[in-house]
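Heads up: the structure comes next, in structure tokens.
The values are calculated or read from the model by the stated rules, or taken from the named source; none is laboratory data. Note that the structure is a prediction, hence the values are computed from the model and not measured. Note that each Cβ is placed from the backbone with ideal geometry, even for glycine, and that neighbours are counted across all protein chains shown.
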Protein chains: 2
Amino acid sequence: METTQVKTLFRETDKYIDKVVHMSGWVRKIRDQKNFGFIELNDGTFFKGVQVVFDTNLSNFEDVAKLTIASSIIVTGKVVKSQGGGQSFEVLASEVKVVQKADAAYPLQNKRHSYEFLREIAHLRSRTNTFSAVFRVRSVLSYAIHKFFQDQGFVYVHTPIITGSDAEGAGEMFRVTTLKLDKPPRKEDGTIDASQDFFGKETNLTVSGQLNGETFCAAFRNIYTFGPTFRAENSNTSRHAAEFWMIEPEIAFADLSADMELGEAMIKYIIRYVMEQCPEEMEFFSQFVEKGLFDKLNNVLNSEFGRVTYTEAVDILQKCGKKFEYPVQWGIDLQSEHERYLAEEHFKKPVFVTDYPKDIKAFYMKLNEDGKTVRAMDLLAPGIGEIIGGSQREDNLELLEKRMKEVGLHPEEYSFYLDLRRYGSFPHAGFGLGFERMLMYVTGMTNIRDVIPFPRTPKNALF
Amino acid sequence: METTQVKTLFRETDKYIDKVVHMSGWVRKIRDQKNFGFIELNDGTFFKGVQVVFDTNLSNFEDVAKLTIASSIIVTGKVVKSQGGGQSFEVLASEVKVVQKADAAYPLQNKRHSYEFLREIAHLRSRTNTFSAVFRVRSVLSYAIHKFFQDQGFVYVHTPIITGSDAEGAGEMFRVTTLKLDKPPRKEDGTIDASQDFFGKETNLTVSGQLNGETFCAAFRNIYTFGPTFRAENSNTSRHAAEFWMIEPEIAFADLSADMELGEAMIKYIIRYVMEQCPEEMEFFSQFVEKGLFDKLNNVLNSEFGRVTYTEAVDILQKCGKKFEYPVQWGIDLQSEHERYLAEEHFKKPVFVTDYPKDIKAFYMKLNEDGKTVRAMDLLAPGIGEIIGGSQREDNLELLEKRMKEVGLHPEEYSFYLDLRRYGSFPHAGFGLGFERMLMYVTGMTNIRDVIPFPRTPKNALF
């Protein structure tokens, strides 16, 4: 007999009323009376479980009544309209086959557990309401990103994870090696002989796929990356992980304005997609994780994102009369308190801040005619601050080389990147979206460790 | 004026005939006569380029006539039915704006280049026909995989890249470290003090997401991974890369038979999807890369995959009268020559070989009642040999622990994995698909270095 999934039962209930179904899954809750009992059966396909009613008609009633939480079972029974309040239907079991009675030491008994405790059992936490919601939304959000770009013909590019360059010096890196740490080969002068390493040189884990991505932009016009990136920063905060996923689109014959339009369209699309595909999960987050989540997200969906230059933003901050911990003056990197004031109190919606001072931005950003600002943009959103950061790229070979030298980079080490400016240079732009940051924004979860299946942080690489 | 993409022009030609369009892109070919000339304009959105005709009506005719290959231009012109043979339409330019005239040293002039040469300019090779086809198909094939699983409600899980365990000892691993190789901290006995490393212990790059994936299978029923995996094997062959992408689905309440059905459905779906979405690219591969490609792929699409046990397969090989380099007897690991004989000459279609001797398979595979074979399967396909490998998993705690000890693993190091057998164990199965291997199969490309944007192989981590 074919197995019916719980999701199907919920989505097409009418079709199944008074029909006999066959289901398999795990006991989430169980309570038994003298002659009958209830099991909440979760089969993994849906946020909610199905109520299974069993009674002494079962030949193995005693065994079923004594089942433990997490036990795996196969149920045959009739779907009927529910007598009770909350449920619209339940299943009257004619057979409950016990696949395995779970060990009673199962740590997820029916009580509230702290997120901290659940991180220590990350291999089991997806079986709780909160984490089943988080990780299903993670999956759907991933797909929304692919769908958004693929529907518009963007080419997905797998940029390398192991890299021989240090990209734009964007952060501390993990070294990747097959050398024996115990006794590495050394050159005559005593330094490590990296030429004997696997790749014949020193290699690290990537911090960004952008530079490689740009080479594909020069071939396919519109491209995106979506892959893991790494930071070896010893930051033990709720917003830093050593391993996280990033999305980096890059568009050709496009300026900063087109870049912002793309970012706005993407953010709206993926939020809407998750809200449509995961209504039960989003309802749960709204009730139990972040009050006001729907207001926050609907405000994003329904507003036209603001646009303001960095110089204007500094002016707003200086004149607003609010006292900030970090004083505001032209040239500073905006702090979280400034970003949130702009998005939450001044604009009251997501806002792009553009044209930052060149000295606080990366070398590859296009210099404005004023010679002191670059075509950069950060999107600041209420409730989180910066959510994406991007720029139009410097497409002038001479200016780019000059800028590299100014910041202490060696152009000859970036010859592949400079080639893009030699052979058919073109205006192009892109941005980076930290996937976990977006997921936190959509779910209301506040610690990055709680949106990554098996998070990697300083002193922690469990599982 | 809005930019029209080349893909749109080809797909909806009739709509644009006699209309003026605005396009941007790069010069792929150019030839000029005295008073007019032709440019093949490629804008990255489509495999083919558009023929642009220009003449002395252009104010900058002399400059345009002297454009170099790869130069970036913006063209305005009228779409007209073509007089010539090959093209169905062309664009009569009223304006050609030169964005940048490419340096004449551009290495991709119009002649055949060897794949070896093109690997050295991997940042430019996507601008050739072959590699634009390969990497567009790579993107579409990736999406086909996501779509196949997401449409059926599978949950996509990002398993960790940096891992503290050595998985199933599936291969040599890269070490990930922030210790100074020059002077690593040592314990009193002189050995490396890994507790001072970033994660407080020794960590490596993952070789498989399966074990982590199984934990999500126990929560979401049907899941898949799709991410980068690594092997530090010093193998310089056309089929080995140090960094490659892998897909690993895992399904709950499912046996080996369901696993094979899933594998067959997936392979057929993704091949069909690519053939439908990339007809021009596939036609190119069929003409220039692998003669008979369509026959090969259609045979996969139209056949019901075979099923044969390892024991039966050994019997077939022993009786076939063919002389193999490696003699066949029960217990050996099948070699490529055996696999290809079975798929190409005996079955003449893809065939699942099942129930391999336990000694040549991984510890986690479910032991058959005969006590000597396991519920493993390899899918062998004509023209390539093994393409996916999977198994039903051992779900019995005692048998699994016993097996781990037999192969020299320490069960206490796998307690998270064993927990899945303690708390609601359930029959489940899964498989692994090497993404690049599948891409090679679909495109006919024969070297893995030519299907990865920036391949990593021994002594090579360019770009």
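Tell me yes or no: at least one residue of region B:454-462 is under 31 Å from the mean Cα position of the chain (by Cα), over 30 Å from A:VAL75 (Cβ atoms), buried (at least 22 other Cβ atoms within 10 Å of the Cβ) and of a type in the set (Gly, Ala, Ser).
yes
Search region B:308-329 for residues that are under 25 Å from B:MET260 (Cα atoms) and without any contact (Cβ under 8 Å) to a residue 24 or more places away in the chain and pair each with any residue that is assigned to a loop (DSSP other than H, G, I, E, B) and among the hydrophobic types (A, V, I, L, M, F, W, C) when their beta-carbon atoms are under 7 Å apart and the residues are at least 6 apart or on different chains.
B:VAL314/B:VAL328; B:VAL314/B:TRP330
Filter region B:362-385 for residues that are basic (Lys, Arg) and within 21 Å of B:PHE426 (Cα to Cα); which is nearest to the chain's Cα centre (by Cα)?
Applying the first criterion (basic (Lys, Arg)) to region B:362-385 yields B:366, B:372, B:375.
Subsequent filtering for residues that are within 21 Å of B:PHE426 (Cα to Cα) retains B:366, B:375.
Numbers: B:LYS366: 28, B:ARG375: 26 Å.
The selected residue is B:ARG375.
Among the residues of region B:60-75, write down those that are more than 18 Å from A:TYR423 (Cβ to Cβ) and β-branched (Val, Ile, Thr).
Initially, region B:60-75 is screened for residues more than 18 Å from A:TYR423 (Cβ to Cβ), giving B:60-62, B:65, B:75.
Within region B:60-75, B:VAL75 is the sole residue that qualifies.
Condition first: modelled with pLDDT of 95 or more and over 18 Å from A:ILE384 (Cα atoms). Can you find one or more residues in region A:285-298 that meet it? Reasoning before the result, please.
Here is the first cut: in region A:285-298, the ones modelled with pLDDT of 95 or more are A:285-298.
In the following step, the residues that additionally are over 18 Å from A:ILE384 (Cα atoms) were identified as A:287-288.
Yes, region A:285-298 contains a residue that is modelled with pLDDT of 95 or more and over 18 Å from A:ILE384 (Cα atoms).
Scanning for something surrounded by fewer than 22 Cβ atoms within 10 Å (Cβ to Cβ), more than 24 Å from the chain's Cα centre (by Cα) and at pLDDT below 95, does region A:305-321 turn up at least one residue?
Scanning region A:305-321, I find at least one residue that is surrounded by fewer than 22 Cβ atoms within 10 Å (Cβ to Cβ), more than 24 Å from the chain's Cα centre (by Cα) and at pLDDT below 95, so the answer is yes.
Look through region A:58-81, keep the residues that are in a loop (DSSP other than H, G, I, E, B) and polar (S, T, N, Q), and return whichever of them is farthest from A:ASP18 (Cα to Cα).
By that ranking, first place goes to A:THR68.
Can you name the residue in region A:58-77 that is within 14 Å of chain B (Cβ to nearest Cβ) and buried (at least 19 other Cβ atoms within 10 Å of the Cβ) and, of all such residues, is nearest to the chain's Cα centre (by Cα)?
As a first pass, look at region A:58-77 and keep what is within 14 Å of chain B (Cβ to nearest Cβ): A:67-76.
Okay, now just the ones that are also buried (at least 19 other Cβ atoms within 10 Å of the Cβ), so A:67, A:69-73, A:75.
Details: A:LEU67: 37, A:ILE69: 31, A:ALA70: 28, A:SER71: 31, A:SER72: 31, A:ILE73: 33, A:VAL75: 36 Å.
Looking at residues that are within 14 Å of chain B (Cβ to nearest Cβ) and buried (at least 19 other Cβ atoms within 10 Å of the Cβ), I get A:ALA70.
Here are the criteria: (1) under 30 Å from B:VAL289 (Cβ atoms); (2) away from every other protein chain (no Cβ under 14 Å); (3) among the β-branched types (Val, Ile, Thr). Tell me which single one B:VAL27 does not satisfy.
(2)
So how many residues does region B:245-290 have that are in a loop (DSSP other than H, G, I, E, B), within 12 Å of another protein chain (Cβ to nearest Cβ) and within 18 Å of the chain's Cα centre (by Cα)?
1
When the residues of region A:1-57 are filtered to those that are part of a loop (DSSP other than H, G, I, E, B) and among the basic types (Lys, Arg), which remaining residue is surrounded by the fewest Cβ atoms within 10 Å (Cβ to Cβ)? Walk me through how you get there before you give the answer.
We begin by selecting, within region A:1-57, every residue part of a loop (DSSP other than H, G, I, E, B); these are A:1-5, A:12, A:17-19, A:33-35, A:43-49, A:56-57.
From the residues that got through so far, the ones that are among the basic types (Lys, Arg) too are A:19, A:34, A:48.
Working: A:LYS19: 11, A:LYS34: 7, A:LYS48: 17.
Within region A:1-57, the match that is surrounded by the fewest Cβ atoms within 10 Å (Cβ to Cβ) is A:LYS34.
Hey, can you tell me all the residues within region B:92-129 that are within 12 Å of chain A (Cβ to nearest Cβ) and either among the acidic types (Asp, Glu) or not in a loop (DSSP other than H, G, I, E, B) (or both)?
Just the residues of region B:92-129 that are within 12 Å of chain A (Cβ to nearest Cβ), to begin with: B:97-109, B:120-129.
B:LYS97, B:VAL98, B:VAL99, B:GLN100, B:ASP103, B:GLU120, B:ARG125, B:SER126, B:ARG127, B:ASN129 - these are the residues of region B:92-129 that are within 12 Å of chain A (Cβ to nearest Cβ) and either among the acidic types (Asp, Glu) or not in a loop (DSSP other than H, G, I, E, B) (or both).
Taking the criterion of being touching a Ser or Thr at 6+ places or on another chain (Cβ under 7 Å), within 20 Å of A:ASN204 (Cα to Cα) and not in a loop (DSSP other than H, G, I, E, B), would at least one residue in region B:180-201 satisfy it?
No, there is no match, as no residue in region B:180-201 is touching a Ser or Thr at 6+ places or on another chain (Cβ under 7 Å), within 20 Å of A:ASN204 (Cα to Cα) and not in a loop (DSSP other than H, G, I, E, B).
Take region A:151-176 and flag every residue that is surrounded by 21 or more Cβ atoms within 10 Å (Cβ to Cβ), facing chain B (nearest Cβ under 7 Å) and either acidic (Asp, Glu) or more than 17 Å from A:VAL207 (Cβ to Cβ) (or both).
A:VAL155, A:TYR156
In region A:98-107, how many residues are touching a strand residue (DSSP E or B) at 6+ places or on another chain (Cβ under 9 Å) and either closer than 20 Å to B:THR215 by Cα or loosely packed, with under 13 Cβ neighbours inside 10 Å (or both)?
Pass one, region A:98-107, residues touching a strand residue (DSSP E or B) at 6+ places or on another chain (Cβ under 9 Å): A:98-102.
Right, trim to either closer than 20 Å to B:THR215 by Cα or loosely packed, with under 13 Cβ neighbours inside 10 Å (or both) and you get A:99-102.
So the answer is 4.
Could you please find all residues in region A:323-344 being of a type in the set (D, E, K, R) and surrounded by 13 or more Cβ atoms within 10 Å (Cβ to Cβ)? Write out each step before concluding.
Step one: filter region A:323-344 for residues of a type in the set (D, E, K, R), giving A:323, A:325, A:333, A:337, A:339-340, A:344.
Within region A:323-344, A:GLU337, A:GLU339, A:ARG340, A:GLU344 meet the criteria.
For region B:421-444, indicate whether the set of residues that are more than 8 Å from chain A (Cβ to nearest Cβ), at pLDDT 95 or above and part of a loop (DSSP other than H, G, I, E, B) is non-empty.
yes
Can you find even one residue in region A:225-232 that is within 18 Å of the chain's Cα centre (by Cα), over 30 Å from B:LYS7 (Cα atoms) and buried (at least 22 other Cβ atoms within 10 Å of the Cβ)?
Step one: of region A:225-232, the residues within 18 Å of the chain's Cα centre (by Cα) are A:225-231.
From the residues that got through so far, the ones that are over 30 Å from B:LYS7 (Cα atoms) too are A:228-231.
Next cut, buried (at least 22 other Cβ atoms within 10 Å of the Cβ) only: A:229-230.
Looking through region A:225-232, at least one residue is within 18 Å of the chain's Cα centre (by Cα), over 30 Å from B:LYS7 (Cα atoms) and buried (at least 22 other Cβ atoms within 10 Å of the Cβ).
Scan B:ARG375, B:ARG393, B:ARG456 and give me the residue that is basic (Lys, Arg), in contact with a strand residue (DSSP E or B) (Cβ under 9 Å, 6 or more places away or on another chain) and away from chain A (no Cβ under 14 Å). Can you show your working first?
Numbers: B:ARG393 fails: away from chain A (no Cβ under 14 Å); B:ARG456 fails: away from chain A (no Cβ under 14 Å).
When all the criteria are applied, what remains is B:ARG375.
Any idea which of (1) assigned to a helix (DSSP H, G or I); (2) farther than 26 Å from B:ASP419 by Cα is the one B:SER238 doesn't satisfy?
All conditions pass for B:SER238, except number (1).
Identify all residues within region A:196-254 that are β-branched (Val, Ile, Thr) and either within 20 Å of A:SER139 (Cα to Cα) or touching a Lys or Arg at 6+ places or on another chain (Cβ under 7 Å) (or both); write none if there are none. Before the answer, list the steps.
We begin by selecting, within region A:196-254, every residue β-branched (Val, Ile, Thr); these are A:203, A:206-207, A:215, A:223, A:225, A:229, A:237, A:247, A:251.
A:VAL207, A:THR225, A:THR229, A:ILE247, listed by residue number.
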